[in-house]
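Input: a single structure, listed below in structure tokens.
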Amino acid sequence: MAIEVPAKVFRYRPGAAPRHETYRVTVPDDATVIDAIEAVWRQVNTLMFRHACHHASCGACAVRVNGYEKLPCIVPVKEALAGRAEIVVEPLRNFPLIGDLVVDVAGFFQKQAASGMVITREAEATLDGRPYQRSETFDDEGKLGERPYTRFENCIECGICLSACPTMAAADKFFGPAGLAAIYRATRPADGAQNKSLLLALADGEQGVWRCHSAFECTEACPQSVDPAGAIMALRRELIARKLKRLFGARER
Amino acid sequence: MTAPHVIVIGAGSTGAATAHDLALRGLRVTVLERGEVANCTTGRNHCLLHSGGRYCVKDQESAVECIDENLLLRRLMPEALELNDGLFVALTEDDLAFKEQFVEGCERCHIPYREIPAQRALELEPFLNPNVLAAVQVPDGVFEPFRFCLAFLATAKKNGAVVRTYTEVTDLLRSGQSVTGVTIRDHRTGQTETLGADIVVNATGPWAGEIARLGGVEVPVSPTAGVMVTVGKRLTNRVINRLNKPSDGDIVVPQRMTSIIGTTSWTILDPDQIEIPKDHVEKMIQKGRELIPAIQHTAVRGVGAAARPLIRKAGADEREVSRTFECFDHKRDGVEGFVTISGGKTTTARAMAEKVTDMVCAKLGVPAECRTRETPLVSYRLFYM
Amino acid sequence: MAVLRDSKLKRILQWGDVRRRKPGMWAYALNRVTGLGLVVYLYLHLVVLSWLAQGPEAWEAFVALAKTPPFLALDVVLLAGLLIHGLNGLRVTLNGFGIGVRAQKPLFIALMVIAAVASIVGGAAIFFQ
């Protein structure tokens, strides 16, 4: 069954004033907002927007839906339209704009790269609460061997937390919730001591954890349970503990 | 003397890997993509780094391609893969009877494998159907298609390639019997421009036929759509496959904290307009449940569909069509300066790129050898930096 | 590549727009508003104290003003502001040391309820003592 969706979409090109345009598209009733955006694109093929996986694992499609940061690929159109005359689709805040819904993520990825976070991590010891046995796995020569299980990190680098963050709004250079959460992840393995000190120094620096003002919007808006606010506070705890230890003469580790 | 200029149309896995190979061999490369990197077929794929097990009985050419590329990709992008192997599980007597052919197929295609008793399989994967009769472990893996493409393109950019996204090819430039470049509309500026090239590579996946027609040639590529249903929990560490002939909904791939069930197959006319049939979605959940009963109680997180570029041989059934790839030098159709690379799967993107780059270099008289096997990829983040 | 950004002013004022935002953001905005309010109050307080230096008549005039209902109402607003800012400030301090982060939302709601109740009780005391 199809439904008609009025979609008010932010349109912009460099050199022209930004504006909102309303389009009417028809989509299946179980469609998601990204389907509606694609339907708009079929009407006006000049619409610039990012998307790839359609199941919230690539982080490309992040936008604001009705003023709030979302991954439109997992927001049902019915939910977005509930009690409203139209769906409003706008780009993320706090990023430079390239065109329409596409933002410039260069600065963001620079911070992510600087954070040292590898995009995969060791998998948990339970699956949805159930413990499991481990077995040997094949390596790149097809030989079996004992090695940890891995999975992709929770963070999909979608930029939603940066859009939601009030500090990010006022300060471009702030490392940002995603970056600080990434530093937290990157400093969890017990090994890698030298790099860990450097990364913690980055977190402790001028643009690090101390610029956060506890709005917690990053954690609220994150679609992937990264809990950047929790990571920032955990980093603060660790940094304070280290400072106290140093105060009482312990060796830097 | 400047190096020849090659235009690659399409920034999915085929275009990305091709740009990387071309740039590595010293050619000047421009990639043209009308949207974001991997925004369609590659972006919405099953994320499965194939061991080749799926094809080792009926499509051994594909199977060998898969296992070779699988082991290679582990060296080229080691930090961007979930490498916990896969299991082919038998749930019925029919599945069990298939095991002998399967194991023989793995042997023939040099796919490493290990047979696992049913009880052990359940210890390894607690959410597996408790009626499992037997399991075979193979080196399946999980990638993330968007970052996969970004890594190849980032490496290509490092070696001098230019990647223009939101730049749509609207026509091919012809001069006599040759393609000499493209006409593009840059959506960022709204401007139309032309871009000359010594060779144009059509790496547009399901649109290969449409782009080929701009050059006055035909390619036998049939857009064949498939649905993926992602549920909101990571229920297995391994890829779980049904031990039988390939069919719909017989693979569940874990990724992060989700599980992706796929896929189906139906021919479509327009890859830009895919209506997702509701019964396909229901079928995925139903088939997924057979492998992992807990799927029944797990909320659906996302549903996506995109069209594979299948190379049609006349009269073949969809599931029987080979998943291998093919390069077309359109010189055979009387058009110079234009090649198409189509078919294949993301797992074999590097091999596809090697083949088409060999073809391009031969046409241009460039003696450079392929070095993509030994060249690790840079971080995907560098694409945007 | 030319890119657009919202003006610096618009981005700095973004914090004030709490529509569709969650409790953590309301806390942030409230703390800023009450903080600014308390700074204004502090200045006014110093102004009033300076009237002491101007002799008994100025002071008596002020005391008369301070007993009027509108002024008493402002006193209640001041009390509320102090309670909100102080209690939420304690929450922010604890969170900033990594304590009680998981409970930040219910903690905020609970503290604001305490602030509201204390303001009402205090308000009654101010008006009816």
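Numbers for the structure displayed
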{"quantity": "Residue check, A:Arg151 in contact (Cβ under 8 Å) with a residue 12 or more places away in the chain, at the interface with another protein chain (Cβ under 7 Å from one of its Cβ atoms), outside any loop (DSSP other than H, G, I, E, B) and closer than 26 Å to B:Val229 by Cβ", "calculated": "yes"}
{"quantity": "Count - residues of the stretch B:111-149 that are in contact with a Gly (Cβ under 7 Å, 6 or more places away or on another chain) and either surrounded by 24 or more Cβ atoms within 10 Å (Cβ to Cβ) or not in a loop (DSSP other than H, G, I, E, B) (or both)", "calculated": "7"}
{"quantity": "Residue, farthest from A:Pro76 (Cα to Cα), within the stretch B:284-311, restricted to residues that are in a strand (DSSP E or B), aliphatic (A, V, I, L, M) and within 12 Å of chain A (Cβ to nearest Cβ)", "calculated": "B:Ala306"}
{"quantity": "Selection count where residues are surrounded by 17 or more Cβ atoms within 10 Å (Cβ to Cβ) and more than 25 Å from C:Val39 (Cβ to Cβ), scope the stretch C:79-103", "calculated": "2"}
{"quantity": "Conditions (1) more than 14 Å from chain A (Cβ to nearest Cβ); (2) among the aromatic types (Phe, Trp, Tyr); (3) surrounded by 13 or more Cβ atoms within 10 Å (Cβ to Cβ); number of the one not met by C:Trp15", "calculated": "(1)"}
{"quantity": "A:Arg121 being closer than 23 Å to B:Cys47 by Cβ, more than 7 Å from chain B (Cβ to nearest Cβ) and not in a loop (DSSP other than H, G, I, E, B)", "calculated": "yes"}
{"quantity": "Every residue from the stretch A:174-219 that is of a type in the set (Lys, Arg) and either in contact with an Asp or Glu (Cβ under 8 Å, 6 or more places away or on another chain) or on the phi > 0 side of the Ramachandran plot (or both)", "calculated": "A:Arg185"}
{"quantity": "Single match in A:Ala36, A:Ala60, A:Ala16, A:Ala52 (criterion: surrounded by fewer than 24 Cβ atoms within 10 Å (Cβ to Cβ) and hydrophobic (A, V, I, L, M, F, W, C))", "calculated": "A:Ala16"}
{"quantity": "The lone exception for B:Cys40 - which of (1) within 25 Å of B:Gly141 (Cα to Cα); (2) at pLDDT 95 or above it fails", "calculated": "(2)"}
{"quantity": "The stretch B:327-349, residues that are closer than 30 Å to B:Thr263 by Cβ and out of contact with any Leu (no Cβ under 7 Å at 6 or more places or on another chain)", "calculated": "B:Cys327, B:Phe328, B:Val339, B:Thr340, B:Ile341, B:Ser342, B:Gly344, B:Lys345, B:Thr346, B:Thr348, B:Ala349"}
{"quantity": "Subset of the stretch B:369-385 (residues that are modelled with pLDDT of 95 or more, aliphatic (A, V, I, L, M) and either part of a loop (DSSP other than H, G, I, E, B) or surrounded by fewer than 18 Cβ atoms within 10 Å (Cβ to Cβ) (or both))", "calculated": "B:Leu377, B:Val378"}
{"quantity": "C:Val76 being in a helix (DSSP H, G or I), modelled with pLDDT of 85 or more, away from every other protein chain (no Cβ under 14 Å) and out of contact with any strand residue (DSSP E or B) (no Cβ under 9 Å at 6 or more places or on another chain)", "calculated": "yes"}
{"quantity": "Contacts under 9 angstrom Cβ, first residue in the stretch B:251-272 being over 16 Å from B:Asn241 (Cα atoms), partner surrounded by fewer than 23 Cβ atoms within 10 Å (Cβ to Cβ) and of a type in the set (Phe, Trp, Tyr), 6 or more apart", "calculated": "B:Asp272/A:Trp41"}
{"quantity": "Qualifying residue in the stretch A:97-110 (condition: in contact with a strand residue (DSSP E or B) (Cβ under 8 Å, 6 or more places away or on another chain), without any contact (Cβ under 8 Å) to a residue 60 or more places away in the chain, on the phi < 0 side of the Ramachandran plot and not basic (Lys, Arg))", "calculated": "yes"}
{"quantity": "Residue pairs meeting the criteria (Cβ under 7 Å; at least 6 apart or on separate chains; first within 14 Å of chain A (Cβ to nearest Cβ), in the stretch B:356-385; second assigned to a loop (DSSP other than H, G, I, E, B))", "calculated": "B:Leu377/B:Met77; B:Tyr384/A:Val105"}
{"quantity": "Residue that is farthest from B:Ala156 (Cα to Cα) [pool: residues in the stretch B:353-385 that are of a type in the set (A, V, I, L, M, F, W, C) and touching a Cys at 6+ places or on another chain (Cβ under 8 Å)]", "calculated": "B:Met359"}
{"quantity": "Residue check for A:Phe174: away from chain B (no Cβ under 11 Å), touching a residue at least 12 places away in the same chain (Cβ under 8 Å) and buried (at least 19 other Cβ atoms within 10 Å of the Cβ)", "calculated": "yes"}
{"quantity": "Positions within the stretch A:124-169 being over 30 Å from C:Leu30 (Cα atoms), within 13 Å of the chain's Cα centre (by Cα) and among the β-branched types (Val, Ile, Thr), in sequence order", "calculated": "A:Ile156"}
{"quantity": "Condition met for C:Ile99 (assigned to a loop (DSSP other than H, G, I, E, B), free of Cβ contacts under 8 Å to residues at least 12 places away in the same chain and more than 30 Å from A:Asn66 (Cβ to Cβ))", "calculated": "yes"}
{"quantity": "Test result for C:Arg21, closer than 28 Å to A:Cys222 by Cβ, within 14 Å of another protein chain (Cβ to nearest Cβ), out of contact with any Cys (no Cβ under 7 Å at 6 or more places or on another chain) and in a helix (DSSP H, G or I)", "calculated": "no"}
{"quantity": "Checklist (1) more than 14 Å from every other protein chain (Cβ to nearest Cβ); (2) farther than 30 Å from B:Ser259 by Cβ applied to B:Gln191, failing item", "calculated": "(1)"}
{"quantity": "Enumeration of residues in the stretch A:147-163 that are modelled with pLDDT of 95 or more and either aliphatic (A, V, I, L, M) or exposed (fewer than 15 other Cβ atoms within 10 Å of the Cβ) (or both)", "calculated": "A:Ile156, A:Ile160, A:Leu162"}
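Results for (1) more than 18 Å from the chain's Cα centre (by Cα); (2) among the aliphatic types (A, V, I, L, M); (3) assigned by TED's automatic domain parsing to the domain that holds A:Pro166, shown as yes or no for each residue.
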site	(1), (2), (3)
A:Asp30	yes, no, no
A:Ala56	no, yes, no
A:Ala60	no, yes, no
A:Ala80	yes, yes, no
A:Ile87	yes, yes, no
A:Pro91	no, no, no
A:Leu97	no, yes, no
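The values are calculated or read from the model by the stated rules, or taken from the named source; none is laboratory data. Please read these numbers as outputs of a predicted model, since none were measured by experiment. Counting neighbours? That spans all protein chains shown, and the Cβs are built from the backbone with ideal geometry, glycine included.
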